[in-house]
Each structure stands twice: as C-alpha cells, then as structure tokens.
1. Starting from the stretch 281-295, take each residue that is over 19 Å from LEU479 (Cα atoms) and list its partners that are part of a helix (DSSP H, G or I) and of a type in the set (Lys, Arg), counting only C-beta distances under 7 angstrom and pairs at least six apart or across chains.
2. I'm trying to understand the selection: among the residues of the stretch 239-260, which are part of a loop (DSSP other than H, G, I, E, B), surrounded by fewer than 17 Cβ atoms within 10 Å (Cβ to Cβ) and in contact (Cβ under 8 Å) with a residue 12 or more places away in the chain?
3. Would you tally the residues in the stretch 404-422 being surrounded by fewer than 10 Cβ atoms within 10 Å (Cβ to Cβ) and of a type in the set (A, V, I, L, M, F, W, C)?
4. Which pairs have Cβ atoms under 6 Å, sit 6 or more apart or on different chains, and link a residue in the stretch 138-149 that is in the same structural domain as ALA96 (by TED's automatic domain parsing) to one that is surrounded by fewer than 15 Cβ atoms within 10 Å (Cβ to Cβ) and in a helix (DSSP H, G or I)?
5. Please state which one of ARG335, ARG280, ARG272 is touching a His at 6+ places or on another chain (Cβ under 9 Å), basic (Lys, Arg) and either over 25 Å from ASP489 (Cβ atoms) or at pLDDT 90 or above (or both).
6. How do the pairs read when you match residues in the stretch 527-554 that are closer than 15 Å to PRO227 by Cβ and assigned by TED's automatic domain parsing to the domain that holds GLN500 with residues anywhere that are modelled with pLDDT of 95 or more and of a type in the set (Asp, Glu), using Cβ under 8 Å and keeping only pairs 6 or more apart or on different chains?
7. Among (1) closer than 30 Å to ARG580 by Cα; (2) in contact (Cβ under 8 Å) with a residue 60 or more places away in the chain, which single condition is TYR263 missing?
8. State which residue is surrounded by the most Cβ atoms within 10 Å (Cβ to Cβ) when the search covers only the stretch 314-341 and only residues that are over 18 Å from HIS541 (Cβ atoms) and free of Cβ contacts under 8 Å to residues at least 40 places away in the same chain.
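The values are calculated or read from the model by the stated rules, or taken from the named source; none is laboratory data. Note that this is a predicted model, so its numbers are computed, not measured. Ideal geometry is used to build each Cβ from the backbone, glycine not excepted, and the neighbour counts take in all protein chains shown.
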Amino acid sequence: MTDSPSASSSTREGIHRRWPFAVRTLSPASSYALSALLALALTSWLAWTEGPPTTVLLAILVCATTGTLIVLLTRRLLLAAVLTVAQVVLVTTISALKLKYMNMVLHAYDIAYYLMSSTNLNFLVANYGRPVLAAALVVMLATLIAVLAWRVDPIRIPRSVAAILLLVFATGATMAGLSLAERRHSLFGYKGMYVSSFYRSWAETFETLMRGQLMEAAAASAALELPRLQPKENCAPQSAPPHIILIHHESAVQPSLFPTLQYDRQLDDFFRSDDGHTYRLRVETYGGASVLTEFSVMTGLSSYSFGGMRLFVQRLMTGKITETLPNILKKCGYRNVMFYPMLRSFTGAERFFRSVGLSDLRDARDQGAKRADERDRFYYDNALDEMARHFATSRAPLFTFIETMAGHWPYDLPYEPHMAVPGGGAGTHPEMHEVLRRLWLSRLDYQHLVGELERRFPGERFLIVRYGDHHPMATRMLLGYNEGTEAEDVLVGRSSVGYQTFFVINGVRFEPQFSSPDILDVPYLGTVLLEAAGLPLSDAHAGRKRLKILCDGLWFDCPKREHILSFHRQLLDDGIVSAR
C-alpha cells in the first residue's frame, strides 16, 4: 500500500481513479436510499407480474432470501439490491425469449440441460443465436452495474444481522412454497409469473438431478433380468387391419361413478363397450391438464414417473421417445391424421404430436372452427370427410385421432341451449346439470358418427376407442369441495374416483378382441388399443401387456413396483426412451 499524498487524498475524497472515469463513493444515506428504491421497484414489479398474492409473496420472499444471502457473503447492501434486481431481470428476459422461440418459459432444469452439456449448449447457440446473444448482453450489463455498486457502496452490514434476516426470509419462503397448490400445467406456456415459476422449478430440478434422469427407473445393478426390447422395424398383421379412430373426450366422466347423482340412465350406454362392460380409466390429473393424459396415451408412460417435472412432460420429452402409439401404427402401414380443437401453437402441441408420429395435424383454424368449443359432431364430420378422401385414393389403413372440446369449462351457461336434452334430476348442482346435458349431446354426436361410418363406408371396418381425459370441474362438489375450489386445490388420492374416467372400445363391422381389468391405468391404453385391433405387439408393448396382467391394471402404484422400474430401465438402456 502506498502512502503518497495523492493516493491519500484520493481515498479521502472517495474517488476511484482506476476506472476510465471518476467513481465517487456514495454517502451512507444515499446508499440506503438507492437500495430502498431498488427494493420498492422490485416489489412493485413482482406484485404486478407474479399473479395471485400467494405466488407474489413467494417471489418476494425468495428475492429477499437471495439478497440477504449476498449481504451475508459480501456485507454490501447496495450490491445485494442490484444483484437481486439483476436476477429478476435476467430470469424475466430469458423466460420471455424462451417462450417466444420455444413455447416454454425458463425452468431451472435448463441450467443443467444446456450448461452441463457442450452438445446441448452448441445446439442452443447454433439454433437460437439471437436470443442467446440478447441474454448474454443482459448478463454483461448486470455485471458492469454490479461491479459499480461494489465500488461505490460504503455500507457494511454486520454478518450477524444478515444471518438472522436470512433465516427469517428463508423460513418464510419455504412456508410460502409449501402452502401453494400444484401449479397449473399451462404455467410454463403463458406470459407472466416468470420469476415465481422459475423459483418453484428448483425443487423438481434437484429431484431430477439426484435421480440421474428425468424418468424414474431402477438402477442398472438393481434391475430385474429382462429380455432386450428390440424396436419394431416392420409390422405384418396376419389379416387386413381395421381403420382405427381414437377419440379424446374433453372433461368427460361417466355419471355412474356417483351413486347419488340423478340422471337419465340411458346415458350409461354411451360409456359401455361392445362386450357390455363399462371400463374405468385411471388418469393422472383432475379438472384440467389434458396434456398429461395425451402424453400417457401416446407414449405408454406415466407422468408420475417424472416426479415434479410431470406437469410439462410433453415439452421435456418431445423427440425423446421412439416407440409411440402413432409411430408403431405407421410401421404397421397406417396413415396417421389428427383433428385438434386448439391452435397448433397451443402449449407447443404441434412439436409434441409431430414427434410421436402425428405429422398430419389439423388444428382449429385448419378445420374452420368458428368458436373454441365446437360440437363433437363438427370434428367428426371433418374426420369423415377426410376418410372419404383417403379411401378414394388409398387402401392403406387410417388412424384418426380426434379431440373434442364441447365438455370444456365453463358450465355457468347452457351449451347449445336450443337443444332439449336431459340433464340432472332435482337437486343437481347447476354445473353438474350442464355437464350431463353436454354428455347427452356427445352421445347424440357419437351416434351420428357411427351411423355415418356405416352409411358412407359400407366396405370398411373400424375400431373405435374413446376415453375421458379427466373429470370436469363440476364434479368437485361431489368430491366434497365447494364451488370456489380451483382444480389444483382438489387434492384426492390416486385411488379416488376423482382420477377415474372411462374408456370404451367399439367396432363397426369389426369385433375387437382385448383384455382389461375393470380399472386400467392410462399408460396401458395404447397397448389395449393395439391388442383390440389385432396388431402384433412390439417388444415394448408386449412388456406393457405383461405388466398389465402382473399389476392388475396398475402402473405407478403397482405392488410389484420393481417390475415397472425395471421396465423403465429397459426403455432407457435400449434407446426407446431418452430421459436426459
């Protein structure tokens, strides 16, 4: 250290001359005021952008925890305020850019996925150079401001004070996080709430990193000895296969699940398969998140096997599963087409469906939809017209996946009010009454579809598989909740009827042959479909059929869970699933 007069004078004046320009140390009062102003601005921003008070509180408390941790390490208050604000700006910027270019906001797992793999990082830079550059510029600017704050901040907070505040804020943030219900599945596909959703993603990221891959699986050393799964390169049915129609009924459930519910019992026929049985399908979501049911039906995997990542498993697993139901059908000679009631950009759906083998996707715009919730008949008629075009030019079997929309919430207004159809009996809640009306309309529209298949295509055979994707919100009152309860707050066990819907298997000039317990977990549905169509099963689906029998239709809750986890290990080791 020099004792020269000039250096001493410079120090007394609070000016740092090693910078290209003079930097004067702030007075303590100015530093406190600037720190408070930054804290107020940050709090106001979070209150405006982070949604309901519960998530706003979480975001504020986590930011406070981050700030006090920086204070504990550096003792500098202004630096902590600057870095905390910079963190929020960076998360918001990257989330907005990622949403624009990838249809998903920032998740903590992105840090591991991209920064811990040079291959993934190179892909990111090569394909998304401009947003990566924008994020890098934000980091550089934040670094410069942080260095400046370090130089001009005169305040040194005692570490004992910082430690106490850190304990208080960290405890509050933990309690705020634990008090929140499960996130909406759509949270990572919409604008806003970037900061709280990023913070909440850390717990599931740590869980995934500890597991070693996205999907739960047995360790290689602990896996049961099972034959290798060979991907099916070709498919040779013993006889001409039927055309297959798979129908996804939005927010549909059989009213017979609720013995106290009064309704016209003729509706029960709508939920009955050709063998006279009413089969229950156990799904993995209540009142929303159709994407989870779509994922399990298409891939034969349980979303629960992905832990906290399950809410956006479609996004994370896009392109990482080879033996999906549509891909297998394609190898069996089928042409695949999907009629989708939303826009193809919805939650990145097009990328997922194309990755599983549904490259011919007709969304709401393609189909000429004039409203968000067209009648089932609207989609059926579009599919029938496409069938007519296909049959006129090709003898290839056709796989048609149709998603409906009429059953979707809200239920406070009558759907198709001019249609005089049965609803609920006396005392039925108005929402449930409306759901029953819509189920009756779905019954009429399905009868129309079957009638048109018989009339328009007399020489063709059809297998029809239908399922309910999840309960409508109207059943929450029948499950012991009140009208104000949100879907994420309906907390029922996996054995509850709140997770049970239905699947139905019918044939038109075709007799399906299949086996199923009365209650079937959703990952098995694709296997049952292939079995009912008389198609040869791939090794992976033969494995699922074995598990279906061994576990009596259960998947995640199978009592012989080591068999499920060993099957997952097979899928990973044999390259059918990539879960990193």
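1. LEU292/ARG310
2. Those that are part of a loop (DSSP other than H, G, I, E, B), surrounded by fewer than 17 Cβ atoms within 10 Å (Cβ to Cβ) and in contact (Cβ under 8 Å) with a residue 12 or more places away in the chain: SER239, ALA240, PHE258, THR260.
3. Counting residues in the stretch 404-422 that are surrounded by fewer than 10 Cβ atoms within 10 Å (Cβ to Cβ) and of a type in the set (A, V, I, L, M, F, W, C) gives 2.
4. Close Cβ pairs (under 6 Å, with a partner that is surrounded by fewer than 15 Cβ atoms within 10 Å (Cβ to Cβ) and in a helix (DSSP H, G or I)) do not exist here.
5. Of the residues listed, the single one that is touching a His at 6+ places or on another chain (Cβ under 9 Å), basic (Lys, Arg) and either over 25 Å from ASP489 (Cβ atoms) or at pLDDT 90 or above (or both) is ARG335.
6. LEU537/GLU531; LYS545/GLU531
7. Result: TYR263 fails condition (1) only.
8. The extreme case among them is GLN314.
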